[in-house]
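Okay, structure first, notes after.
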Amino acid sequence: MSSIYFSEEHRLFRKQVRRFVTEEVLPHGEEWEAAGSVPRTVLRKMGELGFLGIRYPEHFGGAEMDTLGTVVLAEELGRSSFGGFAVTVLVHTDMASPHLARYGTEAQLARYLPGVIRGKRICAVAVTEPDAGSDVAGIRTRAVRDGDEYVLDGSKIYITNGVRADLYFVAAKTDTEAKGSRGISMLLVEKGTPGLSVARTLEKTGWHSSDTAELVFESCRVPAANLLGEENKGFCAIMNNFQNERITLAAQAIGECDKALELTLDYVQQRQAFGAPLVRRETIRQRLALLSAKVEAARQLVYHTAWRDGNGEDCVKEVSMAKALSGELVNEVLYTCQQFHGGFGYMHGTAIERMARDARVQSIGGGTTEIMLEEVAKRLVR
Ligand SMILES: Cc1cc2nc3c(=O)[nH]c(=O)nc-3n(C[C@H](O)[C@H](O)[C@H](O)COP(=O)(O)OP(=O)(O)OC[C@H]3O[C@@H](n4cnc5c(N)ncnc54)[C@H](O)[C@@H]3O)c2cc1C
């Protein structure tokens, strides 16, 4: 599809990612779902192909593309039909590692970023806690300064890539007296740091090939040099990073909508009932037509918002709209697409059944629909 937003570089990149998905993901996705994770070798390969550092500086091995480059990557991975695979990669590229790329010192960037871009070091971001999800300011994990170290204590939950990550970007209270969102900092914690442990691997409704962990920090000593950005200013960094995370998740959801509609259109053209293919039924064709229109409208919002973000414009309202709309829409699309697959769509092993399970989290993770709508409403009422 031609679009005013994408350059030749974007189009070429889309083709490369689509080819990679066809050749390297589709034949193995089911195995990864059963194993509960994507092999490290897959991220290495994506790193070699240049897919993991598309927004990062060339001198570290990146491609210096813009926000629309992220949209291309997320849409295409979403189209793979394996949401667990898509989010494994996208957390690494667009939700966790930006904490390093945006706020890291020259020394931190030189030490860690090349390995991240090559897929040698997998990243996770650990903000959510058992008692604080939407309410980020309510986190209780503490990092108390002791000489040239911080001592971390607390726990984190629902952490994507949490089991296998090499680098964790962890939110903690460095000023425990500070109220609300103040006094939070981001720390880089390397795998194997004494005091950091994976308490549990969490089982989920969907995204089976994405590993999700509960982490525990007990007197975990982290060098003070691993502070990312300014001490006590981590809340702003988290909120800034959420913008990219939410555009990414919105684009992933649009890719999933596309794929689901494509699979369903194929199915209803083949499946016969009452002497004709299902697609001849007005109720079916019209509902698919309306869903296609909604997906097209949401897609254009995502593209335009990404374009504005790439131009440095403040678009928190539109990012929140795009995340809320796409997260709800992918559920509507998958509900209907599964419905039109009949009993077949309820069977394990079918793409549509997996995609319907995977879609559920898209209105929860990375900012729930309710929180996104509050962000929009605040800005409307003003
Ligand atoms: C599969 C998965 C992967 C995840 N990966 C990560 C990760 O890698 N790193 C990470 O840090 N986190 C991760 N998360 C956490 C995710 O971002 C949170 O689950 C999400 O932000 C919601 O927080 P919560 O689960 O605590 O729900 P809560 O905040 O307890 O919300 C419960 C319900 O109340 C609603 N609600 C809350 N506050 C309000 C309000 N003010 N107004 C109206 N309604 C409200 C919510 O919308 C929701 O419906 C992941 C979650 C999942 C499920």
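The values are calculated or read from the model by the stated rules, or taken from the named source; none is laboratory data. Treat the numbers as computed from the prediction; the structure is a model and nothing was measured. Neighbour counts are summed over all protein chains in view; Cβ atoms, including those assigned to glycine, are modelled from backbone coordinates with ideal geometry. The accessibility values were calculated without ligands, DNA or RNA, using every heavy atom of the protein model including side chains. Shrake-Rupley method; radii C 1.70, N 1.55, O 1.52, S 1.80 Å.
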- Message: Keeping all protein chains in the complex and leaving out DNA, RNA and ligands, what accessible area do you get for Met239 with a 1.4 Å probe, in Å² to the nearest 10?
- Response: 60 Å²
- Note on the structure: In degrees rounded to 10, the 0-90 angle between helix 67-78 Cα long axis and the longest Cα principal axis of the chain is 60 degrees
- Message: Can you tell me, using C-alpha contacts under 8 Å and at least 6 residues apart, the relative contact order of the stretch 230-382 as a whole percent?
- Response: 30 percent
- Selected from Asp314, Asp211, Asp94 as most flexible by GNM, with the chain as the system and alpha-carbon contacts under 10 Å: Asp314
- Determine how large the accessible area of Ile4 is when every protein chain is in place; take a 1.4 Å probe and give Å² rounded to the nearest 10. 150 Å²
- Query: Taking Rh as the Kirkwood radius computed over C-alpha pairs, what is the Stokes-Einstein D of the stretch 252-354 at 37 °C in a medium of viscosity 0.692 mPa s, expressed in µm² per second?
  - Reply: 223 µm²/s
- Query: Long-range amide H contacts for Val38: which residues qualify at under 5 Å (H placed 1.01 Å from N, peptide plane, sequence gap of 5 or more or a different chain)?
  - Reply: Asp211
- Which whole-number percent gives the relative contact order of the chain, counting Cα pairs below 8 Å spaced six or more residues apart? 17 percent
- Item | Integer Hz, Karplus 6.51/-1.76/1.60 couplings in order for the stretch 54-65, x for Gly and Pro | 5, 9, 9, x, 4, 5, 9, x, x, 10, 6, 7
- Given the rule -39500 (n - 2.57) for each run of at least 4 DSSP H residues, summed and divided by the residues of the chain, what is its mean residue ellipticity at 222 nm, to the nearest 500 deg cm²/dmol? -15500 deg cm²/dmol
- Message: Please report the spacing between the Cα centers of the stretch 349-377 and the stretch 80-152 in Å, no decimals.
- Response: 21 Å
- Note on the structure: A correct Kirkwood calculation over the Cα atoms of the stretch 307-382 returns a hydrodynamic radius in Å of 13.9 Å
- Note on the structure: For the chain, the longest principal axis of the Cα atoms and the Cα long axis of helix 234-270 enclose an angle in degrees, to the nearest 10, of 20 degrees
- Each label point is 7 Å from the Cα along the Cα-to-Cβ direction; what then is the distance between the points at Arg102 and Arg200, in nm? 3.1 nm
- With charges only on Cβ, +1 for K and R and -1 for D and E, what is the dipole size of the stretch 215-364 about its Cα centre, in debye, rounded to 20? 560 debye
- Task: Provide, in order from the shortest bin, the percent of all Cα-Cα pairs of the chain in each 10 Å bin, continuing until the bin that contains the maximum pair distance.
- Result: 5, 24, 33, 25, 10, 3, 1, 0
- Query: Quick one: accessible area per residue over the chain, 1.4 Å probe, rounded to a whole number of Å²?
  - Reply: 44 Å²
- Query: Which of Ala260, Ala297, Ala126 moves most in a GNM of the chain, Cα contacts under 10 Å?
  - Reply: Ala297
